[in-house]
Amino acid sequence: MRFALLHSPSLDLRSVAAALDAEDVTPRAISRPGDLDVADVPTALLLDPDARDRFPAEVLRRFATSGGAVVAIGAAGEHDVPNSFPDGVLAAFVPRPHGPRQLLVALRAAYREAAARSDVLRARQEAVSRTRELGELTRIGMALATERDYHTLLDLILTQARALTASDAGSLYLVEEREEGPPLLHFKHAQNFSRPDIPIVTSTLPLDRTSIAGYVATTGEPLVIDDAYELSPDVEFSINRSFDDKYRYRTQSLLTIPMKDHKEQVIGVLQLINRKRHGEAKLVHPQDFDAEVIRYSQRVVELVSALAGQAAVSIENSGLYEDIERLFEGFVRAAVTAIEQRDPTTFGHSGRVASMTVGLAEAVDRAGGPFRGITFTKEEIREIRYAGLLHDFGKVGVREQVLVKAKKLYPAELTLIEQRHAFIRRTAEREFHRRHAGYLAERGRDGGYEAFLTELRDAHERELAQLDRFLRLVGDANEPSLLAEGAFEELLDVAARTYEDPGGVPQPYLTGDEVRFLTIRKGSLDPAERLEIESHVTHTYKFLLQIPWTKELQSVPVIAYGHHEKLDGSGYPRRVTGGQIPIQTRMMTIADIFDALTASDRPYKRAVPRERALAIMEEEVEGGALDPDLAKMFVEAKAFEVTEER
Ligand SMILES: [Fe+2]
Ligand SMILES: [Fe+2]
């Protein structure tokens, strides 16, 4: 059929039947306006006067705007187009009576008009659908470009490709380069709309022409297959039907497209399975496949090729992004190792603080009550984690001996005092023997010798005892714990004594610096050393400011900077208060204090059990130093149990 001719049943076409047949015109009688449809070929309506009532002007106009043409036959005595036909509705008017050739001429004119109208209409529809497809592709491109999570990205590619083509299923393969051996094709992801229950089992294929995906990856060209079970015998690939047999699925039409990166290298293969007439149709029974599945058209191939290009770029970008992240992660770990190696007793501290703070943040994110409205995005959690991992990095700027200082004196200083003590003791012994010998030489063993010796020995032993007491006092005072009552004064007393150095110059038992260290009231650090330790916060901040953080991570320096500040201003180094300390920092402070208390023994203090640590923190909360709501949440959510670094 080249042309369709609609007419009312009453119209007699016998006079032109042969001519119509010769021109391949197929007539069809219709009686209802609902049957007035434009066919796939140029379509005309031949309207006789008796049928005018059934097809009013608006019905005819609708027919004309959908590409049909109307030829009206005049009523007897009607020499011109009657007013009941508005302008533009009729393609031709044939008055009555008329000859068969006159009718045929009018019909040909009508078909020319119908063909022209259809062309315009088709072009317009084409333009509309191209615009829609372009818009769709742009939207998909944007969605793919902004997705950074690798697995979400793969899923998104399949979802969009299936939606764009009304495909029932899809699979994604990626080329996997190997250090040894040829590259493989890795089956990474799949979707099946009708059978979401089918599990995804990833696997690898050789990158060669034996499979469809391998063939497309090797040739770099799209491949359309109308029926996967009816492959031509001369193709190199075969299809593995075990999947279909196992799940009672029927792979019928297939579109397999290579995904190429910006260098035109095939990085993977996108496979779409069973294009459907209706995207939402489910393929369950064999008849569903027969009724719904259609072949992939050239236009669809072009569309999916465009999408595959975008997908390849996105996968490549996502891989680069992951590489950068891995690189940075490795750098952070190396940095953390560097700090913890300088002070082995804090080993694992940074990782534990990071994971406890993240655990607390996630609990706050979920919680209502005082935390209603406080949420943390995935990126914000990452920001908290990096701040936690690097919060003590500034310790690299603190001298190691200060960092690990366990006693009030450094070991070398104590050794010096011990050697000095040995020297004074030896001098005293020498003096004892010198006097003894002097007495004997002068007076001999007669007379008061025994009494002299007893007195000399007693005095000598008293001196030795006093010297040993001095060394013990130094040893006791050297401990970072508080000194016993009176020991302080006694130490100062002894320190002021003098001995003669080898040059005969009098020297004090303890130097000014030694006395200053040994009289530190609490802990092992003097004020200057304490400031040096505290400076690690500022070093951390300055170091973190050097890193060009991305927009999502730009608060890492600020979060870490405040980790020793307290709400009541009693912290350091800036002594800021409440509102000036971000919530991320407050959480980190809690985790930091908890870990410092409970982690393994440090040289300057012993680890305390969890309950005791929580009690100490509770005191800090009551004193106004720590955030009460966060401290409560820390306990309730058992954030302290989240100590596995992730
Ligand atoms: Fe710190
Ligand atoms: Fe810390």
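What the table below lists for this structure:
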item	result
Net dipole in debye of the chain [+1 Lys, Arg Cβ; -1 Asp, Glu Cβ; about Cα centre; nearest 20]	960 debye
Gyration tensor (Cα) of region 57-101, equivalent ellipsoid semi-axes in angstrom	21, 12, 7
Centroid-to-centroid separation of region 213-268 and region 527-572 [C-alpha atoms, Å]	57 Å
Estimated vicinal HN-Hα couplings, Hz - region 203-216 in sequence order (Karplus 6.51, -1.76, 1.60; Gly, Pro = x)	7, 10, 10, x, 8, 8, 8, 7, 10, 5, 4, x, 4, 5
Degrees separating the helix 583-598 axis from the principal Cα axis of the chain, which is the longest one	40 degrees
Ranked list, fewest to most other Cβ atoms within 10 Å of each Cβ, for Phe63, Phe347	Phe347, Phe63
Semi-axis lengths, Å, the chain, gyration tensor of Cα atoms, sqrt of 5 times eigenvalues	100, 28, 19
Relative packing of peptides 546-557, 621-632, 269-280 - highest average C-beta neighbours within 10 Å first	269-280, 621-632, 546-557
Whole-number D in µm² s⁻¹ for region 411-521, Kirkwood Cα-pair radius fed into Stokes-Einstein, 4 °C, 1.567 mPa s	82 µm²/s
Within the chain, percent of DSSP bridges classed antiparallel, to nearest 5	65 percent
Sequence of Leu483, Leu46 once ranked by neighbouring C-beta atoms within 10 Å, starting from the fewest	Leu483, Leu46
Of Lys246/Lys276; Lys405/Lys522; Lys395/Lys542; Lys408/Lys522; Lys378/Lys551, pairs whose Cα-Cα distance is over 20 Å	Lys246/Lys276
Packing-based exposure ordering (other Cβ within 10 Å, fewest first) of Arg445, Arg610, Arg382	Arg445, Arg610, Arg382
Mean ellipticity per residue at 222 nm, deg cm²/dmol - from DSSP H runs of n ≥ 4 across the chain, formula -39500 (n - 2.57)	-16500 deg cm²/dmol
Helix 100-146 vs. the chain, principal-axis angle (Cα, 0 to 90°, nearest 10)	0 degrees
Percent breakdown of C-alpha pair distances by 5 Å bin, ordered from the shortest bin, for region 147-320	1, 9, 18, 23, 22, 16, 8, 3, 1, 0
Cα-based convex hull, region 3-121, per residue volume (Å³, whole number)	94 Å³
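Rule-based calculations on the coordinates, nothing more; no lab input. Small disclaimer: the values here were computed from a predicted structure and weren't measured. Every residue, glycine as well, gets a Cβ built from its backbone with ideal geometry; the counts of neighbours run over all protein chains shown.
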